[in-house]
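A.B. asks: Take this structure first; my questions come after.
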Amino acid sequence: MARITQVPDARYVYATANCGTATSDGIGIDLREGDCWAADDPLVLARPGLFSDTPPGPNFPRRTVRAVEDA
């Protein structure tokens, strides 16, 4: 695998999915969608497809039932 040595223009990037990956040393890393990472981190440079320089959209709370409105 070719290593990417160019640092992205962004100072920070965001994980694009929930997944497990590993560093080049074999250390396991759990990524969570939306986690903020330094753009020059070795993991980001080695696996740029797992990150985006665009922050995730707002994460609205999920509900299983409709919210009760005040009368």
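A.B. asks: Note down all Cβ pairs under 7 Å where the first residue falls in the range 18-47 and is among the charged types (D, E, K, R), the second is not in a strand (DSSP E or B), and they're at least six residues apart or on different chains.
C.D. replies: Sorted first by the residue in the range 18-47, then by its partner, the pairs are Arg32/Asn18; Glu33/Thr16; Glu33/Ala17; Glu33/Asn18; Glu33/Pro56; Asp40/Val7.
A.B. asks: Just one of the numbered conditions (1) surrounded by fewer than 10 Cβ atoms within 10 Å (Cβ to Cβ); (2) modelled with pLDDT under 90 is not true of Ile27; which one?
C.D. replies: Condition (2) is where Ile27 drops out.
A.B. asks: With respect to the numbered conditions (1) within 14 Å of Tyr12 (Cβ to Cβ); (2) at pLDDT 90 or above; (3) within 10 Å of the chain's Cα centre (by Cα), which one is the sole condition not fulfilled by Pro56?
C.D. replies: (2)
The values are calculated or read from the model by the stated rules, or taken from the named source; none is laboratory data. Nothing here was measured: the structure is a model prediction, and the numbers come from that model. Cβ coordinates were reconstructed from backbone atoms using ideal geometry, including for glycine residues, and neighbour counts include every protein chain displayed.
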